[in-house]
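What follows draws every value from the coordinates through simple rules; no lab data is involved. The structure displayed is predicted, hence computed values, not measured ones. So basically every Cβ, Gly included, is an ideal-geometry build from the backbone, and we count neighbours across all protein chains shown.
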Amino acid sequence: MPSAYVLISLNMVVDFAVSLSDIRAVEGVERADLVVGPDDCIAIVSADDTTTVMNIIREIRNVQGVDSTDTRSIADL
């Protein structure tokens, strides 16, 4: 099952709690948390196939307040 960490930068003028709630509501997001550091939020996503994972990331990018994402695929060894 393909999974990925999605590092998310949020726009400073939005309510982070609202954006976080909207990110968590995206189907396929297993977990999302606000973090301190160069990124504002990290989400873990998974799906049955890579195409669906990419669609989940696209939905995250459409959440109001999301400025950018940086994805790291999880290697299943």
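Points worth noting:
- Condition check for ASP70: touching a residue at least 40 places away in the same chain (Cβ under 8 Å), touching a strand residue (DSSP E or B) at 6+ places or on another chain (Cβ under 8 Å) and of a type in the set (D, E, K, R): yes
- Residues that are among the hydrophobic types (A, V, I, L, M, F, W, C) and touching a Ser or Thr at 6+ places or on another chain (Cβ under 9 Å) within the range 1-28 comprise MET1, ALA4, VAL6, LEU7, ILE8, LEU10, listed in sequence order.
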